[in-house]
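Structure, as C-alpha cells:
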Amino acid sequence: MQKALLAVGSGVAALQNPYRHDMVAVLGETTGHLALINLRDRMRKDPEGNAVLTERPRIRLSTLDLTKMASMPDGTFGREYLRFLEDNHVTPDSRADVKFVDDEELAYVMQRYREVHDLLHTLLGMPTNMLGEVAVKWFEAAQTGLPMCTLGALLGPLRLNTSIFYERRWEQSLEELRQELNIEAPPVTLSVKVKREKWRRKSNSGTADKNVDNPETL
C-alpha cells in the first residue's frame, strides 16, 4: 500500500515537472518490480550481462579514469562520454541511490539502469533537453520494459503544444516558433552547418535547387 501511494504521488509530481529527478526515480522503483525481474533474468543469460551482475561495477567519478578518457581519440566511446558530461554540465554522481526496491540484486539492476542513462545519451547523440529525454526514454522502454520509461516516453510529448496553423507561420522566425511550442532547438552537426551555408548561398544567388531539402528543416 505504501509503494502504491508512492507510485501515484511520484507519478503526479513527475508529470507536473519532468525535471523532478527524485520523483522520477521513486516512480521507477515503485512500479518496476516485474520488469526488473525480467531484466535481471535476461542479464543472467547473457555473458556480458552476467559479468555485470557478478562484478557489480558502478559508474561514479570515483570509478572513472577521467584523465585516461580525456586522452582517448575523438570518436571513442570514452572520450565522447566525457565530452557529453562536460558539454551538459552533468555528473554520474547525481544519480540517486535506489531506496524502494527490497531485493538486493534487483536494486542493483535498477541502479545500473540509472547509471547508464547518460551513456545512452552519448550513444544516441541526444541532448538533455525535453526532446532528447523523450527519445532516450523510448529506447530505454524497449530495452528494459520499465513502466516508468514507457510513461515518460508517452507523456513527455504532452508538454509540447500541437494545435498550430502552420501555414500561417511561414514568416515567423524558426527560433521564435520553437519557443512558442516549447521545443528546444536540436544540436547542429558540422555537416548540417556546411549544407545550410551552401543552401543559403545558392538561395541568395537565385540558383538554389528546388529539389534539394532546405537544411533548416533537418
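The values are calculated or read from the model by the stated rules, or taken from the named source; none is laboratory data. Treat the numbers as computed from the prediction; the structure is a model and nothing was measured. Cβ coordinates were reconstructed from backbone atoms using ideal geometry, including for glycine residues, and neighbour counts include every protein chain displayed. These area figures cover heavy atoms from the full protein model, side chains too; ligands, DNA and RNA do not enter into them. Shrake-Rupley method; radii C 1.70, N 1.55, O 1.52, S 1.80 Å.
Condition check ((1) in the same structural domain as residue 32 (by the TED database); (2) hydroxyl-bearing (Ser, Thr, Tyr); (3) closer than 22 Å to residue 31 by Cα) across all residues:
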position	(1), (2), (3)
72	no, no, no
75	no, no, no
81	no, yes, no
103	yes, no, yes
117	yes, no, yes
- request: State all residues of the stretch 70-125 that are in contact (Cβ under 8 Å) with a residue 40 or more places away in the chain, touching a helix residue (DSSP H, G or I) at 6+ places or on another chain (Cβ under 7 Å), aliphatic (A, V, I, L, M) and part of a loop (DSSP other than H, G, I, E, B); if no residue qualifies, say none.
  value: 96, 98, 101
- prompt: Can you name the residue in the stretch 152-177 that is at pLDDT below 75 and closer than 30 Å to residue 116 by Cβ and, of all such residues, is surrounded by the most Cβ atoms within 10 Å (Cβ to Cβ)?
  reply: 156
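Restricting to the stretch 59-76, give me the number of residues that are in contact with a Pro (Cβ under 9 Å, 6 or more places away or on another chain) and either open to solvent by 30 Å² or more (accessible area, probe 1.4 Å) or over 24 Å from residue 98 (Cα atoms) (or both). Can you show your working first?
As a first pass, look at the stretch 59-76 and keep what is in contact with a Pro (Cβ under 9 Å, 6 or more places away or on another chain): 59-61, 63-64.
Keeping just the survivors that are either open to solvent by 30 Å² or more (accessible area, probe 1.4 Å) or over 24 Å from residue 98 (Cα atoms) (or both) gives 60-61, 63-64.
Summing the residues that are in contact with a Pro (Cβ under 9 Å, 6 or more places away or on another chain) and either open to solvent by 30 Å² or more (accessible area, probe 1.4 Å) or over 24 Å from residue 98 (Cα atoms) (or both) in the stretch 59-76 gives 4.
I'd like the full set of residues that are among the β-branched types (Val, Ile, Thr) and either closer than 23 Å to residue 86 by Cα or open to solvent by 20 Å² or more (accessible area, probe 1.4 Å) (or both), limited to the stretch 115-151.
The answer is 116, 122, 128, 134, 136, 150.
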- request: Working only within the stretch 1-44, note down all residues that are in a helix (DSSP H, G or I), at pLDDT below 75 and basic (Lys, Arg).
  value: 3
- prompt: Identify, please: which residue in the stretch 93-113 is open to solvent by 70 Å² or more (accessible area, probe 1.4 Å) and under 22 Å from the mean Cα position of the chain (by Cα) and is, among those, modelled with the lowest pLDDT?
  reply: 94
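Regarding the stretch 38-56, can at least one residue be identified that is open to solvent by 50 Å² or more (accessible area, probe 1.4 Å) and of a type in the set (A, V, I, L, M, F, W, C)?
Let us first name the residues in the stretch 38-56 that are open to solvent by 50 Å² or more (accessible area, probe 1.4 Å), namely 38, 41-42, 44-48, 50, 54-56.
Checking which are of a type in the set (A, V, I, L, M, F, W, C) leaves us with none.
No, the stretch 38-56 has no match at all.
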